[in-house]
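Colleague: Before I ask anything, let me first share the structure, which is written out below as structure tokens.
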Amino acid sequence: MASPRTTLPPLGYLPLGERPLRRLPQLLLGLALYGFSLALLVRAALGVNPWSVLYDGLTRHTPLSFGTVSALVGVLALLGWIPLRQRPTFGTFANIAVLALSSDLGLLLVPPCHGLAARGALLAAGIAVNALAIAVYVGARLGPGPRDGLMTGAAAVTGRSLRFVRTLIELTVLAAGWLLGGRVGVGTVLYALAVGPVAQLLLPRFAYRGAAEPAGPAQVPAGRDRRRDVTGAGGR
């Protein structure tokens, strides 16, 4: 019998027409929480995830807001789908719009924080909410966001592992953001270490199971790259 650590529910894309009143609110809530969690990480000022480092760096050189930059980067990532022959879904476009709006709203609602203890609390809250958000919106199974679709598409075209492609892209994004002045710190490391495992732990609670799918959890073979199961189906 497979252990709980090697099992995940089905996470592949299902059409929006299947129980939209159940899945659409879940998608939008998850994306809103994700954008808000990014605002918490920014206000903690202890380091953000690689893509947010890039957004943060770009806001320092343009008059654009954090959310607007994230949307523009999402559109550019989506253009990268064309040579990869990836097809966007409703979830892909919702990802761009809702993340932009909710992250900017979060930055308006959460003021800059002073004091290491308070910033540490914001960092912990941001990571926890982010992991929950991933489980919620990935569990809706309405398609990957532009950044994750770019990663999975590149992996499929090049034949390299998703782990390799994802690491290469995120290191490139992180380096570019850092060179632009984006904040890198202990939060960046903690995010990388904590979000994946916590999101995977929460996914079985939120994953929608299609009407034609078996009741038991999908088996994830040992050695498979589990990050594909966590982020490749829902996307940022």
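The values are calculated or read from the model by the stated rules, or taken from the named source; none is laboratory data. Just so it is clear, the model here is predicted, and its values are computed rather than measured. Glycine gets a Cβ as well: all are built from the backbone with ideal geometry, and neighbour counts include every protein chain shown. Surface areas here come from the heavy atoms of the whole protein model, side chains and all, with no ligands, DNA or RNA. Shrake-Rupley method; radii C 1.70, N 1.55, O 1.52, S 1.80 Å.
Colleague: Sorted by average packing, counted as other Cβ atoms within 10 angstrom per residue and highest first, what order do 100-109, 190-199, 12-21 take?
Modeller: 100-109, 190-199, 12-21
Colleague: On to the next question. With everything on Cα atoms, drop me the angle between helix 186-206 and the longest principal axis of the chain, reported from 0 to 90° to the nearest 10.
Modeller: The angle comes out near 30 degrees.
Colleague: Here is a further query. When ligands, DNA and RNA are left out and all protein chains stay put, how many square angstrom of accessible area per residue does the stretch 115-218 have with a 1.4 Å probe?
Modeller: 46
Colleague: Let me ask something else. Over the stretch 1-117, what relative contact order in percent results from Cα pairs under 8 Å that are six or more residues apart?
Modeller: Rounded, it is 39 percent for the stretch 1-117.
Colleague: Mind running the shape call on the stretch 113-213? Use the C-alpha gyration tensor, a ≥ b ≥ c as the square roots of the eigenvalues: rounded below 1.5 for a/c, prolate if a/b tops b/c, oblate otherwise.
Modeller: oblate
Colleague: For the chain, what relative contact order do you get, as a whole percent, if you take Cα pairs closer than 8 Å and at least 6 residues apart?
Modeller: 39
Colleague: Can you classify the stretch 164-207 as rounded, prolate or oblate using the Cα gyration tensor, where a ≥ b ≥ c are the square roots of its eigenvalues, rounded means a/c under 1.5, and otherwise it's prolate if a/b beats b/c and oblate if not?
Modeller: Cα axes put the stretch 164-207 in the prolate bin.
Colleague: Classify the stretch 72-154: rounded, prolate or oblate, from the alpha-carbon gyration tensor (a ≥ b ≥ c, eigenvalue square roots; a/c under 1.5 rounded; otherwise prolate if a/b is larger than b/c)?
Modeller: It comes out prolate by the Cα gyration axes.
Colleague: Shifting gears a bit: Just to confirm, what accessible area per residue do you get for the stretch 14-94 at 1.4 Å probe, in whole Å²?
Modeller: Computed with neighbouring chains in place, this is 45 Å² per residue.
Colleague: Order of 78-86, 66-74, 51-59, 180-188 by packing, highest average Cβ count within 10 Å first?
Modeller: Peptide ranking by packing, descending: 51-59, 66-74, 180-188, 78-86.
Colleague: Once neighbouring chains are kept in place and the probe is 1.4 Å, which whole percent of the accessible area of the stretch 26-148 is contributed by carbon and sulfur?
Modeller: 75
Colleague: What angle, in degrees between 0 and 90 and rounded to the nearest 10, separates the Cα long axis of helix 66-79 from the longest principal axis of the Cα atoms of the chain?
Modeller: It is inclined by approximately 40 degrees.
Colleague: What FRET efficiency comes out for the pair Leu76/Glu213, r = Cβ-Cβ distance, R0 = 25 Å, nearest 0.05?
Modeller: Result of the calculation: an efficiency of 0.10.
Colleague: Which residue, Arg205, Arg166, Arg23, tops the fluctuation ranking in a GNM of the chain built on C-alpha contacts under 10 Å?
Modeller: In this elastic network of the chain, the residue with the biggest mean-square fluctuation among Arg205, Arg166, Arg23 is Arg205.
Colleague: Another one. Round to the nearest 10 and give me the degree value, 0 to 90, for the angle of helix 162-179's Cα axis relative to the longest principal axis of the chain.
Modeller: The angle comes out near 10 degrees.
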